[in-house]
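A short write-up of the structure that comes next.
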Amino acid sequence: MLTIGHPFPEFRSKACNGVTNDDIIEITHESYPGKWKFFLFYPKDFTFVCPTELVEFGKRVRDFADRDTQLIGGSTDNEFSHLAWKQSREDLSALKYPLIAAQKLAGDLGILDPVEHVCLRASFLVDPNGVIQWVNVNNLSVGRSVEEALRVLDAVQSDELCPCNWKKGEKTLKV
């Protein structure tokens, strides 16, 4: 699995960015130039834990944008599965970030579950230069914390030494 300091792989993926066929777009490693990117990989559409994460991250999309960060969700399902899933659930239809078809990208990142052959529940924070700055992987059955993702984003963007449980606005460590 790729980790901190590695360049995020070059990729080209179809994505669902709304609830109509016209909302099928293409996203590449060059999309969102100059922005931080937070990739939110999840196992499958039409499951139980995944929508809880996607919706909660969606509720905080403005907080990520305030930090100059673009959210991008993705799984090994294709863009039409993402579209059908978003059309079938009111809470998912309101997502303000794209869901990519990450079949190849998941393999390039090394985040395919060896038994299920789906994305691990993995997060990648990528800086504007395309370098991975944070990676987090949860068990397939355990959802992520949006608060922790934002806390780590703030810490990484601070470019300071941040102690355990540090939050934006608190003192950093001085050497």
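The values are calculated or read from the model by the stated rules, or taken from the named source; none is laboratory data. Nothing here was measured: the structure is a model prediction, and the numbers come from that model. Backbone-built Cβ (ideal geometry, glycine too); neighbour counts: all protein chains shown. Accessible surface areas use protein heavy atoms only, side chains included; no ligands, DNA or RNA. Shrake-Rupley method; radii C 1.70, N 1.55, O 1.52, S 1.80 Å.
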Cut-off 14 Å between beta-carbons: net charge of the residues surrounding Leu71, Lys and Arg +1, Asp and Glu -1: +3
Distance histogram in 10 Å bins (all Cα pairs of the chain, percent per bin): 10, 39, 37, 11, 2, 0
With all protein chains modelled, accessible area of Lys14 [1.4 Å, Å²]: 90 Å²
Accessible surface, 1.4 Å probe, highest first, among residues Ser141, Ser31: Ser141, Ser31
Phi to ³J(HN,Hα) by Karplus 6.51 cos²θ - 1.76 cosθ + 1.60 over segment 162-171, Hz, x for Gly, Pro: 10, x, 3, 6, 4, 10, 3, x, 7, 5
Residue order for Ser158, Ser75, Ser145 - accessible surface, 1.4 angstrom probe, largest first: Ser145, Ser158, Ser75
Per residue solvent-accessible surface (Å²) - the chain, probe of 1.4 Å: 51 Å²
Using θ = phi - 60° and Karplus 6.51 cos²θ - 1.76 cosθ + 1.60, couplings along segment 120-127 (whole Hz; Gly, Pro as x): 5, 7, 10, 10, 10, 9, 10, 6
Asp22 accessible area, assembled protein chains, probe 1.4 Å, Å²: 140 Å²
By accessible area with a 1.4 Å probe, ligands and nucleic acids excluded, highest first: order of Ile24, Ile4: Ile4, Ile24
Most mobile listed residue (Gly18, Gly74, Gly107) in the chain, GNM with C-alpha springs under 10 Å: Gly107
Kyte-Doolittle at least 0.0, axis length at least 15 Å by Cα - qualifying DSSP helices, the chain: 49-59, 146-158
Within the accessible area of segment 1-97 (1.4 Å probe), percent carbon and sulfur: 50 percent
